[in-house]
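Heads up, the thing below is written out as structure tokens.
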Amino acid sequence: MPFDQLYLGGEWVDPTLEPIVVRSPHDGSVVGEAANGSVGDIDRAVALARRSLEIGPWPRLAPEERIAAVERLAAAYVARADELAELITRENGSPLLFSRIGQVGSIATMIEGFVAAARATAWHERLEGPYGPYEVVREPVGVVAAIPAFNVPQVIIIGKLIPALLAGCTVVVKPSPEVPLDALVLAEVVAAAGLHDGVVSIVPGGAGAGRHLVAHRDVDLVTFTGSTPVGREIGRVCGEQMKRMALELGGKSAAIVLEDADVGRTAEGLRFSSFINNGQACAAQTRVLAPRSRYGEVVDALEDAIARFTIGDPLDLATEIGPVVNRRQQAKVLASIRDGMVDGARVVIGGPAPIDGLEAGCYVRPTLFADARNDMAIARDEIFGPVLTVIPYGDEAEAVRLANDSPYGLAGSVWTADRDRGREIALQVRAGTFGVNRYGPDPTTPFGGFKASGVGREYGAEGLRAFVEIKALHGV
Ligand code: NAD
């Protein structure tokens, strides 16, 4: 398909800017060229969304009619699933198996969760209070600006677009410039679902387009997934304009290994949860807290698990670790590894050297650090690459303290033979999602961060609520 036009409220429009050239992180070859939205295109998209919100039928449809439209979209989506998964892998290096199963393959379930939440919502609720009868009306929050990160682009966009639509909002999506191509396929899917004019625009672009969209006075809510520094900037603008915001930001999640854990199974679990998507996952378990009494055993088991990774072309279904998204990210991850070495942590496996035969790609050796402290940069900063740090602790109270000693609070896990003990630990860690003997995302349960990991929750009923304003009517 051609990717040379922007999708503005139901129409395909020629861009004025030079296209975005997407290069494969595997070998640098050109994957495709995508239409690049200017601030003028953003203005047009917002104007269409505003008009559609104010006079269009979409916000005024019965909830079941919007559900029917979303179900048409879901059916059109499934028909393009394989194509979308492969495109994501070509653009950002996600291993194809993960693009298929973990990303595109989870979308139908995610949409079902949102539809169930929409059906369960009392859009008009008549109630009786001490001062007489009243009605609670749940209305769309308005024009939504959706700004996703590059790492799991479809999961992120769908997690914003669908609940916004079900609530009756109109939406302008500004996909990340690393992954504009799959977003334009999604625009075709949206077109196939036959939504009303102006309801959805998809305008790929860079930070400038994003900044313009966030600051636009006709946008009522910004839903953003990305780094914490950009989230803070967006939060300042939204706060100043009293705009609604939902921010899904970075993480530095801790996996607490208890003394009674089955170390072999723990290492197998972390092989997945710490290195998922080449380590480019906000909720990756990137700090392992291991008891001093079993520290060596945990490090050895993790080394063994990492040594077995199949690294290479992400389009190969056998590949477990592909490249990071681009040269800039590769340089950033390698710099973090070098900083860890300078700070005195020990590289057990991996390190900053290139991988033979893969020099043309943005590859980083899956790296394990031991003998690290929680105050080192490798334990505090989000690296967003295949780097895992093991930190020793004395007793469980110290483990919980170290897990909480982080600016972030997105996710976490505990590994133990005693599930009840695991649950007690889970309740003490300040993080938005937490797993006992596993960590994996579930696109139907609340997801989001404590502290610098964000504001608000996505998915299911919580995710839908973000796009709803509540009005109380008296004397009705
Ligand atoms: P990023 O913050 O660099 O960019 C995210 C998006 O914001 C992109 O679309 C980008 O073009 C846009 N943007 C950049 N500057 C902007 C500005 N000033 N105003 C408006 N928009 C702007 O993040 P990234 O590198 O694409 O993604 C990696 C980050 O995303 C990591 O920190 C990761 O933890 C986070 N993330 C969080 C979640 C979550 O659910 N919490 C999920 C995935 C990724």
Next item on the list: Return the percentage of antiparallel bridges among DSSP beta bridges fully within the chain, rounded to the nearest 5 %.
Entry: 45
Note to self: I need the phi-derived Karplus couplings for segment 108-113: 6.51 cos²θ - 1.76 cosθ + 1.60, θ = phi - 60°, integer Hz, Gly and Pro marked x.
What the structure shows: 4, 5, 4, 5, 4, x
Margin query: Test of understanding: express the Cα radius of gyration of segment 342-476 as a ratio to 2.2 N^0.38 Å, with N the residue count.
Written below: 1.39
Notebook entry, point to check: Under the classification rounded if a/c is under 1.5, otherwise prolate if a/b is larger than b/c and oblate if not, where does segment 3-140 fall, given a ≥ b ≥ c as square roots of the Cα gyration tensor eigenvalues?
Noted result: oblate
Note to self: Cut-off under 16 Å on the C-alpha distance; same-chain residues fewer than 8 positions from K252 excluded. Which aspartates and glutamates are left, in chain and number order?
What the structure shows: D375, D381, E382, D405
Check: Counting only protein heavy atoms, what percent of the accessible surface of segment 254-442 is carbon or sulfur at a 1.4 Å probe?
Finding: 49
Notebook entry, point to check: Using only Cα atoms, what is the ratio of the radius of gyration of segment 254-442 to 2.2 N^0.38 Å?
Noted result: 0.97
Check: What number, in nm² with one decimal, is the all-direction average of the projected area of the convex hull of the alpha-carbon atoms of segment 394-455?
Finding: 4.4
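Label segment 87-155 by shape, choosing from rounded, prolate and oblate, from the square roots a ≥ b ≥ c of the eigenvalues of the Cα gyration tensor; if a/c is under 1.5 it is rounded, and otherwise prolate applies when a/b is larger than b/c, oblate when it is not.
Numbers: a/c = 5.76, a/b = 2.80, b/c = 2.05.
Prolate shape, in that a/c is at least 1.5 and a/b is the bigger ratio.
Checking a compactness column here: for segment 292-376, what do you get for Rg(Cα) / (2.2 N^0.38 Å), N being the number of residues? Please report the intermediate quantities before stating the final value.
Numbers: Rg = 13.9 Å, N = 85, 2.2 N^0.38 = 11.9 Å.
Scaled against compact globular proteins, the figure is 1.17.
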Item checked: Sorted largest first, extent of the chain alpha carbons per principal axis (Å) -> 67, 61, 39
Next item on the list: Would you mind telling me the antiparallel percentage of the DSSP bridges in segment 254-442, rounded to 5?
Entry: 15
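What FRET efficiency comes out for D316 versus A75 if R0 is 22 angstrom and r is the Cβ-Cβ distance? Round to the nearest 0.05. Walk me through the numbers on the way to the answer.
On the way: r = 30 Å, r/R0 = 1.37.
That gives a FRET efficiency of 0.15.
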Next item on the list: Would you kindly derive the ³J(HN,Hα) couplings of segment 196-208 from the backbone phi angles with the Karplus curve 6.51 cos²θ - 1.76 cosθ + 1.60 (θ = phi - 60°), listing them in order in whole Hz, with x for Gly and Pro?
Entry: 6, 4, x, 6, 10, 10, 10, 10, x, x, x, 4, x
Next item on the list: Pop out the ³J(HN,Hα) list for segment 353-362 in order, Karplus 6.51 cos²θ - 1.76 cosθ + 1.60 with θ = phi - 60°, rounded to Hz; leave Gly and Pro as x.
Entry: 5, x, 9, 3, x, 10, 5, 6, x, 8
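Based solely on its DSSP helices, what 222 nm [θ] is calculated for the chain when runs of n ≥ 4 H residues each add -39,500 (n - 2.57) and the sum is averaged over all residues, nearest 500 deg cm²/dmol? List each step's numbers first, then the result.
Details: 15 runs with 180 residues, N = 476.
Mean residue ellipticity at 222 nm (helix-derived): -11500 deg cm²/dmol.
The values are calculated or read from the model by the stated rules, or taken from the named source; none is laboratory data. Bear in mind that the values here come from a model prediction, so they are computed numbers and not experimental data. So basically every Cβ, Gly included, is an ideal-geometry build from the backbone, and we count neighbours across all protein chains shown. Please note that ligands, DNA and RNA were not included when accessible areas were found on the heavy atoms of the full protein model with its side chains. Shrake-Rupley method; radii C 1.70, N 1.55, O 1.52, S 1.80 Å.
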